[in-house]
1. With a/c under 1.5 counting as rounded, go ahead and sort region 9-60 into rounded, prolate or oblate using the C-alpha gyration tensor (a ≥ b ≥ c being the square roots of the eigenvalues; past the cut-off, prolate if a/b is larger than b/c, else oblate).
2. Of (i) 27, 20, 9; (ii) 28, 13, 10; (iii) 35, 11, 8, which one was derived for semi-axes √(5λ) of the Cα gyration tensor in Å from the structure shown?
3. Given a Förster distance of 41 angstrom, what is the FRET efficiency for Asp24 paired with Glu88, based on the Cβ-Cβ distance and rounded to 0.05?
4. Between Ala3 and Leu57, what is the label-point separation in nm under the 7 Å Cα-to-beta-carbon projection?
5. Counting only helical runs of four or more DSSP H residues, what would the 222 nm mean residue ellipticity of the chain come to if each run contributes -39,500 (n - 2.57) and the total is spread over all its residues?
6. Taking R0 as 25 Å, what FRET efficiency do you get between Glu42 and Lys72 from their Cβ-Cβ distance, rounded to the nearest 0.05?
Amino acid sequence: MDAYLFMLWKTCRNGHYSIATLADAIHLSPKQTKRYLNKWQEDGWIGYTSGRGRGNLSELVWLRHVEREYAKRMLERIDRDSIESVTEELTWD
């Protein structure tokens, strides 16, 4: 999990989106966004179907609840590590 995935979760729910819309939501280029979407799909976070051709929207389906996973991960890390080591992730919106 990373900050980009968390930003996308907060901005875009299940539905149809253009790559430009998704890229704007996470503040990356469309090319970088496609790479991240494919990576997250391989990791089991999302189901992603690319819109074929110009003007066709891509489909985004969330397979896991990102906020719950984030909270669970943070609590485990706080118990295991020092608070200083998890401070950066705690500042994600």
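No value in this document is a laboratory result; all are computed from the given coordinates. Since the model is a prediction, treat every value here as computed from it, not as a measurement. Cβ placement follows ideal geometry from the backbone for every residue including glycine, while neighbour counts extend to all protein chains displayed.
1. rounded
2. Here semi-axes √(5λ) of the Cα gyration tensor in Å agrees with entry (ii).
3. 0.95
4. 2.9 nm
5. -17000 deg cm²/dmol
6. 0.75
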